[in-house]
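A.B. asks: Sharing a structure below in structure tokens format, with a few things to ask.
The values are calculated or read from the model by the stated rules, or taken from the named source; none is laboratory data. What you see is a predicted model; the values in this text were computed from it and never measured. Ideal geometry is used to build each Cβ from the backbone, glycine not excepted, and the neighbour counts take in all protein chains shown. SASA here: full protein model, heavy atoms, side chains in, ligands and nucleic acids out. Shrake-Rupley method; radii C 1.70, N 1.55, O 1.52, S 1.80 Å.
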Amino acid sequence: MATKEMGLTEWSMLGGLSLLWGGSFLFNGILVQTWPPLTIVTARVMLAALSLWTFVRLSGLAIPRGRDVWLAFFGMGLLNNVIPFTLIVWGQTQIASGLAAILNATTPLFGVLVAHVLTTDEKLTVNRLAGVLIGIAGVAWMIGPSVFAPSLSGHAGGALWGELAALAAAVSYAFAGIFGRRFRRMGLAPIMPAAGQVTASAVLLLPVALLIDRPWTLAVGGLETWSALIGLALFSTALAYIVFFRILATAGATNLMLVTILIPPSAILLGAIVLGEQLALRHLAGLVLIAIGLAAIDGRLWRKIFARSAPVH
């Protein structure tokens, strides 16, 4: 099936989505200065769930009540929210928000590998395999020999674990992408999986956060903290999911994957302006390799290059 061409509206939404998701790394960077990761993630999904169900109610849509549907929501919530959100937020206690966003951009690389193993219709091709290898090279360039010998490379152990946490989050997102395919067969309105998964995530996270973090003992936080939480929950989660499913419906999944290339520049720019973060040259070089790898997986850029260079008969 041919990939849909995107118009100005789709490109605008894609750019907006990259800012919304890039902003999540900025908001996390502010929040980890006051609250522990579990509290941040729990508050994020609870507020997002409240806003999304309000949207569902205003839209006049019926709330699904089937057991199978809600089991799927809990599975999706675990893979797409609970595990990756927690890993990313914890990782950002060790590394800069821009670097976390770069490592998060490896999601499609892992997605290709997971899809090859778990599906029958998304097998590895030559260009996809090349893209995965180039992308992995980018990750290796960023992390460097610290993966094997942190003390010899001058790479702090905490930073290494933060980088690995961000990569593990990308792996979880990859599994979520495959798991989420089942929602197309359920005939749900696109907003339903978004609302259902964040609700399930809140149910899973709340008792754990209450037990471990005891949030009533934490600092209340100031205006900056609460503004960051509202931005994270309402804009980078609830609104981002609405835009996500709108692009998915109008432009398709292949075009939607391009957002992973746009998120790191957004996060890096916001982190530099607001948090004063700086990244090493190897991080930016790794980002370039990851972008090349994603372009190879997507394939369209290479097809256009070869089409222009082909001789005319």
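A.B. asks: Order the peptides 56-66, 285-295 from the highest to the lowest mean number of other Cβ atoms within 10 Å of their residues. Intermediate values should be presented prior to the final figure.
C.D. replies: Numbers: 56-66: 10.9, 285-295: 20.8.
Averaged packing, sorted descending, gives the order 285-295, 56-66.
A.B. asks: Give me a comma-separated list of calculated 3J(HN,Hα) values for the stretch 174-186, in order, Karplus coefficients 6.51, -1.76, 1.60 applied at θ = phi - 60°, integers in Hz, x for any Gly or Pro.
C.D. replies: 5, 5, 4, x, 6, 4, x, 4, 5, 5, 5, 7, 8
A.B. asks: Just subtract the alpha-carbon distance of LEU206 and ILE230 from 0.36 nm times their residue separation and send over the number in nm, one decimal.
C.D. replies: On the way: separation 24, 0.36 × 24 = 8.64 nm, distance 1.78 nm.
Full-extension gain reported as 6.9 nm.
A.B. asks: Then there is this: Diagonalise the Cα gyration tensor of the stretch 52-126 and give the resulting equivalent ellipsoid semi-axes, square root of 5 times each eigenvalue, largest first, whole Å.
C.D. replies: Rounded to whole Å, the semi-axes are 29, 22, 12.
A.B. asks: Continuing with this model, one more query. Quick one: what does P(r) look like for the stretch 202-292 with 10 Å bins over all Cα pairs, in whole %?
C.D. replies: It works out to 12, 28, 32, 25, 3, in whole percents.
A.B. asks: ARG214 to THR120: extension gain in nm, 0.36 nm per residue of separation minus the Cα-Cα distance?
C.D. replies: Values: separation 94, 0.36 × 94 = 33.84 nm, distance 4.53 nm.
Working it through step by step, the gained length comes to 29.3 nm.
A.B. asks: Suppose accessible area is computed on protein heavy atoms with a 1.4 Å probe; arrange ARG44, ARG246, ARG181, ARG67 from highest to lowest.
C.D. replies: Values: ARG44 15, ARG246 130, ARG181 55, ARG67 175 Å².
So the residues, ranked largest to smallest area, are ARG67, ARG246, ARG181, ARG44.
A.B. asks: By its C-alpha gyration tensor, with a ≥ b ≥ c as the square roots of the eigenvalues, how is the stretch 13-106 shaped: rounded for a/c under 1.5, else prolate for a/b larger than b/c, else oblate?
C.D. replies: prolate
A.B. asks: Please calculate the 1.4 Å probe accessible area of TYR241, with all protein chains present, and give it to the nearest 10 Å².
C.D. replies: Using a 1.4 Å probe on the heavy atoms, I get roughly 20 Å².
A.B. asks: Determine, from the Cβ-Cβ distance of ALA137 and LEU71 and an R0 of 35 Å, the FRET efficiency 1/(1 + (r/R0)^6), rounded to the nearest 0.05. Display every interim value, and only then the final one.
C.D. replies: On the way: r = 39 Å, r/R0 = 1.11.
E(calc), rounded to 0.05, equals 0.35.
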